[in-house]
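Data first, discussion second: the structure below is written as structure tokens.
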Amino acid sequence: MNKFYVTTPIYYVNDIPHIGHAYTTVACDVLARFHRLTGEKVFFLTGTDEHGQKVDRAAKARNITPKEHADELVENFKKLWKRLYITNDAFIRTTDKEHIAVVQEMLQRLKDSGNIVKEEYKGWYCTHEEMFLTQSELVEGRCPHCNRDVEYIVEENYFFLMSRYQERLIDYIDEHPDYIMPQTRRNEVLGFLKNQKLGDLCISRPKKRLSWGVELPFDRDYVTYVWIDALMNYISATRYLSPSKDIQWWPADHHVIGKDILITHAVYWSTILFALDLPLPKNIFAHGWWTVDGKKMSKSLGNVVNPNEIIDEFGSDAFRYFLLREVPFGNDGNFSKDGLINRINSDLANDLGNLVNRTLSMLNKYFGGEVPEAKDVDREIKELSEGLLSTIRD
């Protein structure tokens, strides 16, 4: 029996689920449902990323532990997926002890193979984004991602020697045209790799600055950088959450992500897998962003789309349909309530609704309202449909 392993990114638990989270997860759900229909064994994974400074600070502000804070917030995602009829086979949390054990095992392997070294870091750091930044990345002296002030720090940290694998990754992407999709995203990654020297990746944070994370197995004074911990969920989940232990689930068939985390997956994750001597996922698909009434979503504008509110007003099926029908998958899309109403009325109420109405009218007129027994022509149609399904699967 063939297997199919599809993943969403794991969502940062401190965020409130928005339309982007729903879009990615519904898309993966549709893929998982289709492959189940073809008879394949499916593993559909989603979950939450629960370590890092943002969670730690939010918990301290509430005078509770980070784990207690995460335990509460993770329910926001689980409840939304239930309302959207998401059929994930597993929900991983980076606070799971099983996940932590796998992360530490993989980090130890990287250290033992000479792919992790300790060095002094001197440079800029954005506390809000939990990111080290080079001088060239700053925009008017501020973080390019959140536009907040950065601080200059000098500290020892552990680095993954990512630069070792730059040319190998370029060759791999050139030789595997479907590894990164759509084509525009593939070109973006190749441009990133070919137009600059790839640096090494800081994979730790000193406990004196941040204690809420996965402790490094080779140095108890440090925790793992939250992104490294998060990326490794795709492997760790196959160890303890997969629907069948008899199937070799890795490599994943699809990592479905938003374009904002493309470099993290296509470069960071790919080079880590090279260093671990593990196969790369078969495909990374980076879809576009959603705007709202033509404007970028932001908390400051107060226009972040809450999926629960849309479901309350229009229902889950209408929302799911709109998300995947409104724009070609991979492109940016625009959300508006008027757009959703027009799409549902045009496609479902008018086109599909009229077809159903005509079919029922003819059934009443010619067959007394009863569905007749199948005839040869019906069997031919069935065979054609089965052949089409086989062609699509192949």
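Overview of values
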{"item": "Any hit, region 231-252, residues being of a type in the set (Gly, Ala, Ser), under 21 Å from ALA101 (Cα atoms) and modelled with pLDDT under 95", "result": "yes"}
{"item": "Failed condition for ASN350, given (1) in a helix (DSSP H, G or I); (2) surrounded by 13 or more Cβ atoms within 10 Å (Cβ to Cβ)", "result": "(2)"}
{"item": "Region 301-319, residues that are part of a loop (DSSP other than H, G, I, E, B) and either loosely packed, with under 12 Cβ neighbours inside 10 Å or touching a residue at least 12 places away in the same chain (Cβ under 8 Å) (or both)", "result": "LEU301, GLY302, VAL304, VAL305, ASN306"}
{"item": "Residue pairs meeting the criteria (Cβ under 8 Å; at least 6 apart or on separate chains; first assigned by TED's automatic domain parsing to the domain that holds GLY114, in region 188-211; second assigned to a loop (DSSP other than H, G, I, E, B) and loosely packed, with under 13 Cβ neighbours inside 10 Å)", "result": "GLY199/THR134"}
{"item": "Sole residue being modelled with pLDDT under 95, of a type in the set (Lys, Arg), over 20 Å from HIS254 (Cβ atoms) and not in a loop (DSSP other than H, G, I, E, B), chosen from LYS67, LYS54", "result": "LYS54"}
{"item": "Residue list for region 1-15, filter: part of a strand (DSSP E or B) and of a type in the set (A, V, I, L, M)", "result": "VAL6"}
{"item": "Verdict on ALA70 being surrounded by fewer than 22 Cβ atoms within 10 Å (Cβ to Cβ), more than 26 Å from GLU386 (Cβ to Cβ) and small (Gly, Ala, Ser)", "result": "no"}
{"item": "Output for region 353-394, where each listed residue is among the acidic types (Asp, Glu) and assigned to a helix (DSSP H, G or I)", "result": "ASP376, ASP378, GLU380, GLU383, GLU386"}
{"item": "Criterion violated by TRP81 - all others in (1) closer than 16 Å to THR24 by Cα; (2) surrounded by fewer than 18 Cβ atoms within 10 Å (Cβ to Cβ); (3) of a type in the set (A, V, I, L, M, F, W, C) satisfied", "result": "(2)"}
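The values are calculated or read from the model by the stated rules, or taken from the named source; none is laboratory data. These figures come from a predicted structure and were not determined experimentally. All Cβ positions, even for glycine, are placed from backbone atoms using ideal geometry, and neighbour counts span all protein chains on display.
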